[in-house]
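A.B. asks: Can you keep this structure in mind? I'll have questions shortly.
FYI, it's all coordinate maths here, none of it is from the lab. Everything numeric here is computed off the predicted structure, so don't read it as measured data. Positions of Cβ are generated from backbone atoms using ideal geometry, with glycine treated the same way; all protein chains shown enter the neighbour counts.
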Amino acid sequence: MGVKEFVKELWAQKRNRKKLKQLKTIDLKITMDCEGCERKVRKALEGIKDVSSFELNPKQKKVSVTGYIEQDKLIKRLAHKTGKKVEPWPYVPYEVVPHPYAPGAYDKKAPPGYVKNVHDDPDAAPLARANSLEEKYSSAFSDENPNACVIM
């Protein structure tokens, strides 16, 4: 293999790597208190070349971004351009969590129909991810269970 073929192969790999990027939808939490903040976030998203579309929801403080960009890179760019705190969307729908009202999963600040994403953080709510055996033992000694064991 000559130098020419080697360079061609490297060039082809580089082009293929760019094509391998996948279209992703990323949900972010950004504080948008007024129309000016909303406009600032909108302009910042329009200026990022890898973003193909986005949807702003100021009431839920949520931004859904679709594009060929990594989440960390998007968070850094938005935080730099807007000067606001940007973090991944911490909530998921009720149906995703097995025990949405367990301590640690339920959040009063969450929008209606959403709870905290306890699957990503193992220390957040151990009872929300409890399997059936753990559930039986924890409910056996619960104060809310009228048939529970009493230790005196």
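A.B. asks: Over 27 Å between Cα atoms: which of Lys49/Lys85; Lys81/Lys108; Lys40/Lys109; Lys73/Lys108 fall into that group?
C.D. replies: Lys81/Lys108; Lys73/Lys108
A.B. asks: Express in nm, to one decimal, how much length is gained between Tyr68 and Glu35 on full extension, taking 0.36 nm for each residue of separation and deducting their alpha carbon distance.
C.D. replies: Length difference between fully extended and current span is 9.1 nm.
A.B. asks: So, R0 is 30 Å and r is the distance between the beta-carbons of Lys59 and Trp11; what FRET efficiency does that work out to, to 0.05?
C.D. replies: E(calc), rounded to 0.05, equals 0.05.
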